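So the structure is just underneath, and the comments pick up after that.
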Amino acid sequence: MAQDPYFGRPEVSNSDLTALKNLLYPREEHGGKERAYANGTLLDNMITEIDKVDFYNLTVKYCDYQFTQEEFDTAKKMKAAFLKDPFAKMINDAADFQAITLNHNFDIDYNGFKFQLSAGVRCKWDLLVRDWKMGGDIKSTAATTQDQFMTACHFFDYFRSRAWYMDLEGTNKDVLIGISKKNFQVFKIFIDKTAPLTDPARQLYELGKAQYQELAYKYWLLMDGLKLSA
């Protein structure tokens, strides 16, 4: 199956940092990862790129997975729940969908060592409202409570991804919107790098930034640092 051209770009993405982390710190994988990823893609596309969704053949463009009618029906219910949430509907109506941010002069500081990744960096947003200096990410989740969704966000390093996106684009605020595939509740976690350091929304940003700085440094050592020493 053809690949979305975005994923063939040479710049470093948050997914590349995740791949490096998984290589350096492997952890046990549980079954159903492919299905979970595919269903997340289905939900994203139903909300932000409906033209890529084939409701007749139960497929999504660039996704090599054959969905079931049940999976499509669940995604439809999740989209309906998303659009019934007042804040989610507001940002959905204002946002650019799947906007791409590229930065070839992105400065990173890891414990006082400043560097750039030679390939540049990139990200692709679910939701981006440049006028608000705010973006957002839509997540399919098995969580049924706000606390469970927060735990999942920590486990999957979602705060690292949000800080990465925010700093690449220069946004100040962000939101993770989780839609439960179990009870169709909508959970929101706000991130704000302009808030006081004592504010949990700022602390989530600082956590994510520290995480991407460390991984980006290790990526630089492996990909750029070795070239400089060769």
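For Cα extents along the principal axes in Å, the value computed from the atomic coordinates appears in the list (i) 64, 39, 29; (ii) 49, 46, 32; (iii) 54, 43, 36 under label (iii).
For the chain, report the accessible area per residue in Å² (1.4 Å probe, heavy atoms, rounded to an integer).
Working: 12190 Å² over 230 residues.
It amounts to 53 Å² per residue over the chain.
Summing Lys and Arg as +1 and Asp and Glu as -1 over all other residues whose Cβ lies under 11 Å from the Cβ of Val53 gives a net charge of 0. A straight line joining the Cα centroids of region 9-27 and region 135-163 runs 18 Å. Summarising the amide proton neighbourhood of Cys63: residues at separation of 5 or more, or on other chains, whose placed amide H is nearer than 5 Å comprise an empty set. Beta bridges assigned by DSSP with both partners in the chain are antiparallel in approximately 70 percent of cases.
In degrees from 0 to 90, rounded to the nearest 10, what is the angle of the helix 200-220 Cα long axis to the longest principal axis of the chain? Result, in degrees: 60. The Glu206 and Phe184 beta-carbon pair, evaluated with R₀ = 35 Å, returns a calculated FRET efficiency of approximately 0.65.
Within region 99-193, DSSP assigns beta bridges of which about 70% are antiparallel (rounded to the nearest 5).
Taking the Cα centre as origin and putting +1 on Lys and Arg beta-carbons and -1 on Asp and Glu beta-carbons, what dipole magnitude results for the chain, to the nearest 20 debye? It would help to have the intermediate numbers written out before the result.
Numbers: 29 positive and 32 negative charges, 45 e Å.
About 220 debye.
Exposure check, 1.4 Å probe, all protein chains in place: Glu34 carries approximately 130 Å² of accessible surface. Within the accessible surface of the chain, defined with a 1.4 Å probe on protein heavy atoms only, the carbon and sulfur portion equals 53 percent.
By accessible area of protein heavy atoms, probe 1.4 Å, what ranking do Tyr25, Tyr219 get, highest first? Kindly include the intermediate steps, with their values, before the conclusion.
On the way: Tyr25 115, Tyr219 45 Å².
The ordering from most to least exposed comes out as Tyr25, Tyr219.
These residues, Ser180, Ser140, go from largest to smallest accessible area, 1.4 Å probe, as Ser140, Ser180.
Between the C-alpha center of region 180-203 and that of region 46-82 there is a gap of 26 Å.
Beyond 16 Å, what share of the Cα-Cα pairs of region 3-118 remains, rounded to the nearest whole percent? In whole percent, the long-distance tail amounts to 72. Among the protein heavy atoms, those of Arg130 account for about 120 Å² of accessible surface (1.4 Å probe, every chain in place). Less than 13 Å Cβ to Cβ from Asp64, Lys/Arg counted +1 and Asp/Glu -1: what total charge do the surrounding residues give? Residues close to Asp64 contribute a combined charge of 0.
The values are calculated or read from the model by the stated rules, or taken from the named source; none is laboratory data. The shown structure was predicted, so the numbers you read here are calculated from the model rather than taken from an experiment. Every residue, glycine among them, receives a Cβ derived from its backbone with ideal geometry; neighbour counts consider all protein chains shown. These area figures cover heavy atoms from the full protein model, side chains too; ligands, DNA and RNA do not enter into them. Shrake-Rupley method; radii C 1.70, N 1.55, O 1.52, S 1.80 Å.
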